[in-house]
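Encoded as structure tokens, the structure appears first; notes follow it.
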Amino acid sequence: MPADRAPSVLITGIHSDHGFAISHLFRREGWFVIGCDQGTHTGRNARVHITADLTDEADCQRAAKRAARLGNGLDCIVHCADIHVDGPIEEIGSSAWDVMMDVNVKSVFLMSKACLPYLE
């Protein structure tokens, strides 16, 4: 990382409580924080916010490219995007399970793959 720039971090799920807490720690340490979430809200502690569907490979590629441009490269990615389905297992449908796995597992793979070329 060049000495003339702050390290940059992309945090998915930044609008969640744990995403916010993690972003606060990075900001306190002088990092350039880029938030990524599915909503159009601001990233609550991010310098910039990127809206993306983390279950879509093309959207992850677009978000990673934009994050790298905004952060003058990427030094770290933190995966905080998650959802959960409440209720007894016998009441949870397979479509709800699929959505949960897409957000909690597939999105980590897709965003990691998309960010890899930009990580220094």
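The values are calculated or read from the model by the stated rules, or taken from the named source; none is laboratory data. Remember, it's a predicted structure, so these values are computed and weren't measured experimentally. Note that we place each Cβ from the backbone using ideal geometry, even for glycine, and neighbour counts take in every protein chain shown.
So for segment 82-94 (the condition being modelled with pLDDT under 95 and within 24 Å of Ala64 (Cα to Cα)), does at least one residue qualify? Yes: segment 82-94 contains one or more residues that are modelled with pLDDT under 95 and within 24 Å of Ala64 (Cα to Cα).
For the residues Leu10, Leu54, the requirement of being in a loop (DSSP other than H, G, I, E, B), crowded, with 23+ Cβ neighbours inside 10 Å, of a type outside the set (Ser, Thr, Tyr) and modelled with pLDDT of 95 or more singles out Leu54. Cβ separations smaller than 9 Å between residues 6+ apart or across chains give the following pairs from segment 75-95 residues that are surrounded by 18 or more Cβ atoms within 10 Å (Cβ to Cβ) to residues that are of a type in the set (Ser, Thr, Tyr) and in a loop (DSSP other than H, G, I, E, B): Cys80/Ser16; Ala81/Ser16.
Would you confirm whether any residue within segment 25-34 is closer than 21 Å to Arg5 by Cβ, acidic (Asp, Glu) and assigned to a loop (DSSP other than H, G, I, E, B)? Yes: one or more hits. In this structure, is His49 modelled with pLDDT under 95, out of contact with any Asp or Glu (no Cβ under 6 Å at 6 or more places or on another chain) and not in a loop (DSSP other than H, G, I, E, B)? For His49, the condition - modelled with pLDDT under 95, out of contact with any Asp or Glu (no Cβ under 6 Å at 6 or more places or on another chain) and not in a loop (DSSP other than H, G, I, E, B) - is met.
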